[in-house]
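The values are calculated or read from the model by the stated rules, or taken from the named source; none is laboratory data. Computed from a predicted model, the values in this text were never measured in an experiment. Note that each Cβ is placed from the backbone with ideal geometry, even for glycine, and that neighbours are counted across all protein chains shown.
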Amino acid sequence: MKNIAVYLLILVHYTVNAQVNFIGEIEKLNPNLDNYVDEYSKIEILARGFEWSEGPVWVDKINSVLFSDVPENKIYKWNENEGLSVYINPSGYSGKVPTSKKDGSNGLILNSKNELLICKHGDREIAKLKRWGSGELETVVNKFQGKRFNSPNDMVFTKNGDLIFTDPPYGLKNRNSDKLKELKINGVYKLDTDGKLTLLVDNLTYPNGVALSNDNKVMYVNISDSTNPRIMAYDIHEEIVKNERVFFDGRKLAEKEVGLFDGIKIHPDGTIFSTGPGGVLIISNDGTHLGTIKTVERTANCTFDSNYEYLYMTTDMYLTRVKLKTN
């Protein structure tokens with residue numbers, strides 16, 4: 001009996017540990033989901049204990065995923081061999097400009113030179129890491145028509161190297177009514193390779209994640225507005241965007257699921273992976289909702305590794321991932 005009791009205790013110990021290392025489930029809504037993820041795949045918890053994890057990017061140079069903890073003003077690094085470590089601290093707030101919050105970095109992205117660009121909420125700018133491992137940052141852009149940005153949030157590069165980014169008011173304590181808000185709008189901008197800054201969209205309440213179709217003909221913008229959550233789409237034509245339309249209406253989904261549209265990434269075949277109500281929605285480029293990686297907790301953003309083998313997700317207090325199908 002003693003041996004049986006010991007065995008049961010060991011079994012319970014490993015069962016509990018196994019349970020806390022995974023979260024959520026895969027919700028299959030369309031057979032085509034099978035092209036991307038198995039409905040029985042597990043969502044792994046890789047690291048935990050964050051205030052609000054955000055903005056992940058995979059970096060081949062260091063074989064790691066980097067991501068922000070916005071309130072903690074840090075960028076973390078995680079990989080299989082070394083686990084979790086702080087990579088940049090402070091990451092987005094230095095006190096050099098007026099701000100009503102001390103938020104750190106948010107969205108992260110690599111340019112064609114493999115340099116890391118950072119959306120700095122607290123410093124209200126986009127900056128670049130001077131050299132890998134240094135923690136030294138230099139300003140890329142911080143104002144539009146002489147007025148300081150609200151809090152740049154997310155970014156995407158065009159094929160020719162132009163940077164498109166969103167600027168909601170989330171880095172300001174009182175958001176749209178904050179006395180430090182210099183711009184009346186919450187815009188979507190383009191910074192071209194010559195340094196010219198263009199306002200692309202000026203009529204959105206809370207523009208958040210931004211992505212481009214693989215042919216660079218369509219721009220997707222996630223709207224994290226609790227009263228009207230949706231994904232917008234625009235046709236790109238030289239220096240302007242046109243044919244504004246709702247690509248995916250999330251109002252009904254938001255009535256029963258937690259979370260809003262935030263980060264968004266595009267699969268090589270054009271399928272959209274967007275955080276939103278319930279977790280990460282997988283949506284075909286015709287707007288069909290194929291299924292959801294249901295993370296239970298609110299998921300802010302996601303990124304693929306370079307082989308599209310895994311999807312890494314910043315899930316509130318966790319860093320998570322799910323294995324994808326590859327051809």
Exercise for the section: Inspect segment 242-253 for any residue being part of a strand (DSSP E or B), in contact (Cβ under 8 Å) with a residue 60 or more places away in the chain and not aromatic (Phe, Trp, Tyr) and give the result as yes or no. Expected result: no
Problem - Residue within segment 274-286 that is touching a helix residue (DSSP H, G or I) at 6+ places or on another chain (Cβ under 9 Å), without any contact (Cβ under 8 Å) to a residue 60 or more places away in the chain, crowded, with 20+ Cβ neighbours inside 10 Å and among the hydrophobic types (A, V, I, L, M, F, W, C) present - result: yes
Practice task
Taking the options ILE240, ILE264, ILE231, name whichever one is modelled with pLDDT under 95, of a type in the set (A, V, I, L, M, F, W, C) and more than 19 Å from ASP34 (Cα to Cα).
Solution key: ILE240
Completion exercise
Subset of segment 231-253, residues under 16 Å from GLU27 (Cβ atoms) and surrounded by fewer than 18 Cβ atoms within 10 Å (Cβ to Cβ), comes to LYS252
Exercise for the section: Taking the residues in segment 217-257 that are under 18 Å from the mean Cα position of the chain (by Cα) and among the hydrophobic types (A, V, I, L, M, F, W, C) as candidates, determine which candidate is farthest from PRO277 (Cα to Cα). Expected result: MET219
Handout entry: Selection from segment 182-192 of residues that are out of contact with any Lys or Arg (no Cβ under 8 Å at 6 or more places or on another chain) and either free of Cβ contacts under 8 Å to residues at least 12 places away in the same chain or not hydroxyl-bearing (Ser, Thr, Tyr) (or both)
Key = LYS184, ILE185, ASN186, GLY187, VAL188, LYS190, LEU191, ASP192
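Yes/no matrix, rows are residues, columns are (1) of a type outside the set (Ser, Thr, Tyr); (2) at negative phi; (3) modelled with pLDDT of 95 or more:
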{"site": "PRO90", "(1), (2), (3)": "yes, yes, yes"}
{"site": "TYR93", "(1), (2), (3)": "no, yes, yes"}
{"site": "LEU116", "(1), (2), (3)": "yes, yes, yes"}
{"site": "HIS121", "(1), (2), (3)": "yes, yes, yes"}
{"site": "ARG124", "(1), (2), (3)": "yes, no, yes"}
{"site": "LYS130", "(1), (2), (3)": "yes, yes, yes"}
{"site": "LEU172", "(1), (2), (3)": "yes, yes, yes"}
Handout entry: Selection from segment 292-301 of residues that are more than 15 Å from the chain's Cα centre (by Cα) and surrounded by fewer than 22 Cβ atoms within 10 Å (Cβ to Cβ)
Key = LYS294, VAL296
Handout entry: strands (runs of 3 or more DSSP E) within segment 193-240 that include 3 or more residues without any contact (Cβ under 8 Å) to a residue 40 or more places away in the chain and of a type outside the set (Ser, Thr, Tyr)
Key = 230-237
Completion exercise
The number of residues in segment 102-132 that are surrounded by 22 or more Cβ atoms within 10 Å (Cβ to Cβ) and within 22 Å of LEU180 (Cα to Cα) is 15
Problem - Criterion (surrounded by fewer than 19 Cβ atoms within 10 Å (Cβ to Cβ), more than 21 Å from ILE126 (Cβ to Cβ) and basic (Lys, Arg)) met by exactly one of LYS256, LYS196 - result: LYS256
